[in-house]
Amino acid sequence: MPSAPCAFCGSTGSPSREHVFGQWMSKIGLDLTPVQHSAGPLNGLPRHMGEQPPFRQTVKICAACNNGWMSQLEDVAQRVLTPLILGRPGSVALADQTAITMWAEKTALTAMLLSSESQRASGYGLPPSVYTALYERRNSLRPLDASRFWIGRWDGMAGFSAVRVTPLAVRIPDIPELGVPRGYAMTIVVGELALHGLIFTTLELEVDVTLELGMALLWPSDDQAEWPTGRPCTDESFLRFSDGQMLRSTVDHVAIRP
């Protein structure tokens with residue numbers, strides 16, 4: 001019986017298990033005490049997945065993707081992000097920002113595959129075209145078109161880690177809002193690191209956006225990103241942060257909302 005197609009490349013070749021968070025995160029000194037895990041469809045109610053040590057969750061991906069371009073992204077992420085995850089001030093060099101942004105998008109897309117097959121079959125999850133578009137950038141290690149990402153500090157509960165994806169609407173006066181997302185907010189929290197961004201899936205609705213917390217812009221950027229910059233994300237602000245409610249359009253009368 002052939003394997004299910006890889007979500008990224010569509011191959012039905014040799015399957016493997018891709019970690020949502022790279023295995024290297026369990027080897028850098030973070031707390032590995034078992035915690036409650038859950039996964040759910042975008043902004044829907046999650047299902048509980050039991051208590052287990054962090055950074056062990058995996059999804060099925062073809063071996064070629066897992067051992068190829070995804071492995072390259074993890075190598076860059078380990079080198080660049082380890083000090084920041086552990087709370088040591090530093091920066092992300094301009095030359096690393098494309099790969100780090102792509103790593104964040106890859107991690108968010110991979111985490112969405114933890115939702116149940118029935119949830120995804122019912123229409124939850126990101127469109128397959130988003131996975132394909134990221135795969136097509138595997139040789140250049142560049143993020144998706146119409147991406148924005150910021151990098152900042154997590155100052156909430158110790159030991160908390162999360163990947164959260166929220167569908168977004170772009171609201172323009174006198175233009176009817178369609179029933180499908182026009183973009184997605186992507187949030188990753190691990191250690192003391194917080195990454196937050198969005199992708200526009202309707203390129204005609206792409207607008208310039210700022211982030212309320214004033215975190216450093218990671219992509220697109222023309223300078224290194226200093227960390228930590230701006231105000232941190234906390235337990236109290238996490239839901240507003242991860243739901244995209246701190247994103248602000250710089251275009252008058254255009255709003256971005258979950």
What does the charge count near Pro83 come to, summing +1 for each Lys or Arg and -1 for each Asp or Glu among other residues with Cβ under 15 Å from its Cβ?
+1
Among Ser91, Ser38, Ser16, whose Cα sits farthest toward the positive end of the charge dipole of the range 15-257 (+1 at Cβ of Lys/Arg, -1 at Cβ of Asp/Glu, about the Cα centre)?
Ser16
Okay, helix-only estimate at 222 nm for the chain: each DSSP H run of n ≥ 4 adds -39500 (n - 2.57), divide by all residues, round to 500 deg cm²/dmol; what do you get?
-6000 deg cm²/dmol
When Lys and Arg each count +1 and Asp and Glu each count -1, what net charge do the other residues less than 12 Å away from Gly191, Cβ to Cβ, add up to?
-1
Going by how many other beta carbons lie within 10 Å of each one, how would you line up Ile188, Ile85, fewest first?
Ile85, Ile188
Report the convex hull volume per residue for the range 1-90, counting only C-alpha atoms, in Å³.
140 Å³
Work out how far the C-alpha atoms of the chain reach from end to end along every principal axis, then list the three figures in whole Å, largest first.
52, 43, 36
Packing-based exposure ordering (other Cβ within 10 Å, fewest first) of Phe8, Phe160:
Phe160, Phe8
With r as the distance between the Cβ atoms of Gln23 and Ala93 and R0 = 25 Å, compute the FRET efficiency 1/(1 + (r/R0)^6) and round to 0.05.
0.55
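Here, each number is a calculation from the coordinates, and none is a lab measurement. Worth saying up front: this structure is predicted, and the values here are computed from it rather than measured. Please note: Cβ atoms are built from the backbone with ideal geometry, for glycine as well, and neighbour counts cover all protein chains shown.
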